[in-house]
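Enquirer: A single structure is presented below for examination.
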Ligand code: PEP
Ligand code: MG
């Protein structure tokens, strides 16, 4: 049963259109449940009625024509109750209504299940049998599962249709403000690594580019295959006896066969389709023709075609990033924007980012902030409807305007120029230390993963690099970097910031940061094999990081090291021991060369709530603590930081998070351990004020926040901010925010909060 269900779901989700998805669903469901009829009725809310949208069992003429007002008949009954209805004999039910044109008089039993998405009724899924007998419980759960799958397909298709039909968006589209700033530019849609079954059939307005992209993909697949075959033959495998070699030879013949590639090209040209869609059409047809007949050998060839198709799709999706016009500014739009994609696109053309998935603290959002690019995440939108259209993107408010008229564009350009002015104002003071009006020194450092384009004269005025995310350079490789390669990029970074301390964090992968060459599936990745958990299980990775960092810092002595995602004392102990081992080894090398190595300061991140309760046990093992407020918020509130559905629940201003932060500051003082904050909260004006009130004085943030935070920090009276915070005692956060807002008005700094 489970296999049948999975097959139907795969068919539904992979269908190129809603019509096909429903047709596939009714036929396969009828078959699987041995029913005599299966139908889908879709709601038309404005007309307050259901329309028979697909059926296997009712008269084909009725499909698309028959309508039932809401509340009418058994379908209406299921809809109004939004509950499953299972009847042995439908004809005796008081709500039964006979519709002669459907020819349903022969059916007795009835099982109807509502199709609903996020509380919105979209339709009703029905199965019927001639026999008068209730459907059993397994049929019920089968139908409920199918209805849930169909719901997401219907919701998505409806939105797509509405947008395509209307070709207009009424008013701004809202999402989650993820990176401040605004821009006006053309949307450019990115399609991720594609799965043949899930490729949509999408038209293109730029046939020549699609043909060119396809040719490049063919060339690259050919190259890959040639390299593979060369490697196989060099590895000593005998050509004639090697089955693997044969397989690749067949692949190579196929990709070199101009009738195959020519057919795909002509589908692109004649039907005006995206290259990925043409690959899907041609390869699916070929596979179908092979699976319906012939010997098992021939049928096997359909597997080869799927593999070739998948290789082409993978190249096609990768080539998109390189195909972005280097002279046209654009807003990147994608189902899921990843951090690595952002760095692949030249920063000079990347003006903004829109992602359907993700939230304010997913790593793509953090990356966008560190690149100072406005971003909106969690936007419920069919991305392909935006391709090529002009957008206003407001990352501060989390809004997108599609096809803005001239006046709106002008308005936004004016706002953009005003906030540029404000930023310039703040940047003029960039090199001055942040000392509050009551004389408190605040250290403001940088969070980075790449050697961001900062001017040298600015770098030396930074108070440090508080967080170097070592996973970022790892994300940009095709395989695990060697020690030498790592030493190369650590050394480049440490040298670029040679006059200030740099805190390098060991690899923090897992969760929403998966290395493309080291993927693993977990049902609950945020609580899974992340950060120090993974590297302690793969000690060679941790050791090689330590050694490369130590070697890179040899002549510079500006390195500190910290470990992410710490949950237990033992993790800190083991990570420290490994650092000592690495230190000994690299020290000996250095001594042999007549140099003395300095042991870097070693810190543990506080990101998991358990740390709050074991700080006293961890303190003797570390020189400092660093708080990752992004994860700390996620784990205290049990809210996935990347999940847009629960993003309204994710707030570092939640009293529980703030009280934890206050307590960590108190404990650090008691334990006499340095503590700094490197999560996103300290890059927000009110966040910084709260943290300062708790006693924190060392912050590290994205480049785009530094000037603003310094500017504000130099003007506030921390004594007064502390007094407001203490009086409130974190009991009424909105009231405290109100008070902070009043204080900003008084200082003339309101724009620095709002913008
Ligand atoms: C954090 O969790 O706050 C943090 C700084 O680490 P990351 O965002 O890289 O997980
Ligand atoms: Mg973290």
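The values are calculated or read from the model by the stated rules, or taken from the named source; none is laboratory data. Please read all numbers here as calculations on a predicted model, not as lab measurements. FYI the Cβ positions are ideal-geometry reconstructions off the backbone, even for glycines, and counts take in every protein chain you see.
Enquirer: Only one of 42, 5 is in contact (Cβ under 8 Å) with a residue 60 or more places away in the chain and over 30 Å from residue 274 (Cβ atoms); which?
Expert: 5
Enquirer: Can you tell me which of 558, 524, 499 is exposed (fewer than 15 other Cβ atoms within 10 Å of the Cβ) and in contact with a helix residue (DSSP H, G or I) (Cβ under 9 Å, 6 or more places away or on another chain)?
Expert: From the options 558, 524, 499, the qualifying one is 499.
Enquirer: A further question follows. Could you go through region 623-639 and let me know if any residue there is in contact with a helix residue (DSSP H, G or I) (Cβ under 8 Å, 6 or more places away or on another chain), part of a helix (DSSP H, G or I) and away from ligand 1 (no atom under 14 Å from the Cβ).
Expert: no
Here's the yes/no breakdown for (1) within 22 Å of the chain's Cα centre (by Cα); (2) away from ligand 1 (no atom under 16 Å from the Cβ); (3) crowded, with 21+ Cβ neighbours inside 10 Å:
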position	(1), (2), (3)
643	yes, no, no
663	no, yes, no
666	no, yes, no
687	no, no, yes
690	no, no, yes
699	no, no, yes
722	no, yes, no
727	no, yes, no
732	no, yes, no
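Enquirer: Among (1) in a loop (DSSP other than H, G, I, E, B); (2) buried (at least 19 other Cβ atoms within 10 Å of the Cβ); (3) modelled with pLDDT of 85 or more, where does residue 387 come up short?
Expert: (3)
Enquirer: A further question follows. Take residue 480 and decide whether it is touching a residue at least 24 places away in the same chain (Cβ under 8 Å) and under 17 Å from residue 547 (Cβ atoms).
Expert: yes
Enquirer: Filter region 92-101 down to the residues that are modelled with pLDDT of 90 or more and either crowded, with 23+ Cβ neighbours inside 10 Å or part of a helix (DSSP H, G or I) (or both) and list them by number.
Expert: Of everything in region 92-101, just one residue is modelled with pLDDT of 90 or more and either crowded, with 23+ Cβ neighbours inside 10 Å or part of a helix (DSSP H, G or I) (or both), namely 92.
Enquirer: Still on this structure: Name the residue, out of 532, 541, that is in a helix (DSSP H, G or I), assigned by TED's automatic domain parsing to the domain that holds residue 484 and more than 22 Å from residue 625 (Cβ to Cβ).
Expert: 541
Enquirer: Let me confirm something: among 83, 20, which residue is under 18 Å from residue 148 (Cα atoms), part of a loop (DSSP other than H, G, I, E, B) and within 36 Å of the chain's Cα centre (by Cα)?
Expert: 83
Enquirer: While we're on this one: Look at region 493-513 and say how many of its residues are within 17 Å of residue 448 (Cβ to Cβ), within 16 Å of ligand 2 (Cβ to nearest atom) and not in a loop (DSSP other than H, G, I, E, B).
Expert: So the count comes out to 4.
Enquirer: Could I ask something else about it? Suppose we filter region 701-716 for residues that are away from ligand 2 (no atom under 16 Å from the Cβ) and within 30 Å of the chain's Cα centre (by Cα); how many remain?
Expert: Here is the first cut: in region 701-716, the residues away from ligand 2 (no atom under 16 Å from the Cβ) are 703-716.
Next, only the ones that are within 30 Å of the chain's Cα centre (by Cα) stay: 703-709.
Counting residues in region 701-716 that are away from ligand 2 (no atom under 16 Å from the Cβ) and within 30 Å of the chain's Cα centre (by Cα) gives 7.
Enquirer: Looking at region 461-492 only, could you name the residues that are assigned to a helix (DSSP H, G or I) and under 27 Å from the mean Cα position of the chain (by Cα)?
Expert: 471, 472, 473, 474, 475, 486, 489, 490
Enquirer: Given the criteria more than 14 Å from ligand 2 (Cβ to nearest atom) and touching a strand residue (DSSP E or B) at 6+ places or on another chain (Cβ under 7 Å), does residue 620 qualify?
Expert: Here the answer is no, as residue 620 does not meet what is asked.
Enquirer: Provide a single number: the residues in region 585-622 that are within 12 Å of ligand 1 (Cβ to nearest atom) and assigned to a loop (DSSP other than H, G, I, E, B).
Expert: Of the residues in that region, 2 qualify.
Enquirer: Same structure, new question: Regarding residue 676, is this residue more than 20 Å from residue 362 (Cα to Cα), in contact (Cβ under 8 Å) with a residue 24 or more places away in the chain, within 16 Å of ligand 2 (Cβ to nearest atom) and not assigned by TED's automatic domain parsing to the domain that holds residue 365?
Expert: yes
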